[in-house]
Structure formats: structure tokens, C-alpha cells
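A.B. asks: Sending over a structure as C-alpha cells; questions will come in a sec.
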Amino acid sequence: MSRTSNRADGDIVQDFLSVADLLEEPQLAKLYAYLAREEATVRDVMDDLDLAQGTAYSYVNRLVDAGVVDVTDDEQPRRYAAREIDLTVTTTAGDREYTITPALIDAVGRRKTDVDIDTYMDRHGVAGLATALTYAVARERGEVTHRLMAEELDISPLAAELILQALRPVVHEHYEISEDVRHDTEEGVNV
């Protein structure tokens, strides 16, 4: 769902509002992330995400109506898959630019099950989590340390380390990380 400036403004605004729903509701974000990993039926959603039937149908229908999930097979049982999201938002405060990607939505979806992500989002919001995710990718690639992140974002080194560790599974699911760099980082050697 990558959008460019040649799209009608109404389409771009609708896309933003749809993605905003994902970022506001961790359960929807979790479902989107699940459907981004694999095509599934509502029964699969119920079983794998431990959702009641009514809730699963409601959530899937909301995501289809929002345009972030497609029906991939109209035969019964219907199958669903997430559409790729790549939406860049520029804020007026500080002219910061954030890109909303499946990885960020996945991180938001983990908020209810990961206390470190939840705490970080309470303190820094979705924009702060987007920034932390950028550092987490760089950290896993051996490009930065938690201390550098802490210094640049004016947070404690402990807070930086906690969020980097919490985001590590998200990074490894959504980004290519070299085994050599990963091993060096785990050994405490940052390239």
C-alpha cells in the first residue's frame, strides 16, 4: 500500500486513517502482522491468535474494510492476506519523517504481550517506537550500540537496551540480518 503524490488526496488520507487504526489498536496490529506473514482463514486466525469467532470475524472484516487486508480466495473458507504498507508521515514538530511499515505495525501489535514495548510506547508514543525500531535494525546490523542510541535520544542506557532487546524479534522477522554481524553483536562486538 505504498502511496505516492500522484494519488488522489482522499485515497492518501483514507490510507493514513486505516493505518492509524492499526497503530491505535494493538489487537488489530497483531492480526495485520499475522496476515502479513502468511495467508490465512478466519479459523486459522482464531486458532493461532486465540480469538473468539465473533472477534476474529469482526477484526478481519475491519481490516478488509480499511483496505489493508485483501480476500485472496473467495471460495469457502475465504483466505486473507495483508497488503504491503509503506506510508511515510512527516510531522510539523521538528519536521521529522517516519515510515509506517509492517515491522512497525508488528511492534505495535506486541504491545499487549511485551511490557518493555508497552512502557516505551507510553513514554514515547508510536513515533518514538518508530525511531527505536530504526535503531534496533542498525543495532542488529552492528552499526550502533545501545549507549549511542541513549545519547542521541536523551534516554537512559537501560531504557535503550530494554527496547532494543524487545524489538529484536521484530527486526529478525522483517529485515535481512547477516549471520556474521548478528554473531558479532551477540558477542558484544559492534562493527
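A.B. asks: Among the listed residues 158, 133, identify the single one that is more than 23 Å from residue 87 (Cβ to Cβ) and either at pLDDT 95 or above or outside any loop (DSSP other than H, G, I, E, B) (or both).
C.D. replies: Answer to the selection: 158.
A.B. asks: Right, something else. Hey, among the residues in the stretch 175-186 that are open to solvent by 60 Å² or more (accessible area, probe 1.4 Å) and part of a helix (DSSP H, G or I), which one's modelled with the highest pLDDT?
C.D. replies: Here the residue is 179.
A.B. asks: Okay, moving on. Just to be sure I understand, how many residues within the stretch 142-161 are touching a residue at least 40 places away in the same chain (Cβ under 8 Å) and surrounded by fewer than 19 Cβ atoms within 10 Å (Cβ to Cβ)?
C.D. replies: Total satisfying the criteria: 2.
A.B. asks: Can you name the residue in the stretch 59-78 that is in a helix (DSSP H, G or I) and charged (D, E, K, R) and is also nearest to residue 169 (Cα to Cα) among such residues?
C.D. replies: This residue is 62.
A.B. asks: For the condition of a type outside the set (Ser, Thr, Tyr), surrounded by fewer than 16 Cβ atoms within 10 Å (Cβ to Cβ) and in a helix (DSSP H, G or I), what is the one hit in 122, 106, 116?
C.D. replies: Just a single option satisfies the conditions, and that option is 122.
For every residue, the table says whether it meets (1) hydrophobic (A, V, I, L, M, F, W, C); (2) farther than 18 Å from residue 25 by Cα; (3) at pLDDT 90 or above; (4) out of contact with any His (no Cβ under 7 Å at 6 or more places or on another chain).
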site	(1), (2), (3), (4)
59	no, no, yes, yes
68	yes, no, no, yes
88	no, yes, no, yes
102	no, no, no, no
111	no, no, yes, yes
116	no, no, yes, yes
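A.B. asks: Sticking with this one: Got a number for residues in the stretch 19-45 being crowded, with 18+ Cβ neighbours inside 10 Å and in a helix (DSSP H, G or I)?
C.D. replies: 15
A.B. asks: For the condition over 17 Å from the mean Cα position of the chain (by Cα), in contact (Cβ under 8 Å) with a residue 12 or more places away in the chain and either surrounded by 15 or more Cβ atoms within 10 Å (Cβ to Cβ) or assigned to a helix (DSSP H, G or I) (or both), what is the one hit in 56, 81?
C.D. replies: Testing whether each residue is over 17 Å from the mean Cα position of the chain (by Cα), in contact (Cβ under 8 Å) with a residue 12 or more places away in the chain and either surrounded by 15 or more Cβ atoms within 10 Å (Cβ to Cβ) or assigned to a helix (DSSP H, G or I) (or both) leaves just 56.
A.B. asks: Shifting gears a bit: Checking residue 189 against (1) out of contact with any Asp or Glu (no Cβ under 8 Å at 6 or more places or on another chain); (2) modelled with pLDDT of 95 or more; (3) among the β-branched types (Val, Ile, Thr), only one condition comes out false. Which one?
C.D. replies: It fails just one condition, (2).
A.B. asks: Considering the stretch 114-141 alone, what residues qualify as being under 21 Å from residue 37 (Cα atoms) and without any contact (Cβ under 8 Å) to a residue 12 or more places away in the chain?
C.D. replies: Within the stretch 114-141, just 134 meets the criteria.
The values are calculated or read from the model by the stated rules, or taken from the named source; none is laboratory data. From a predicted model like this one, the values you see are computed outputs, not experimental measurements. We place every Cβ from the backbone using ideal geometry, glycine too, and count neighbours over all the protein chains shown. Calculation scope for accessible area: heavy atoms of the full protein, side chains included, ligands and nucleic acids excluded. Shrake-Rupley method; radii C 1.70, N 1.55, O 1.52, S 1.80 Å.
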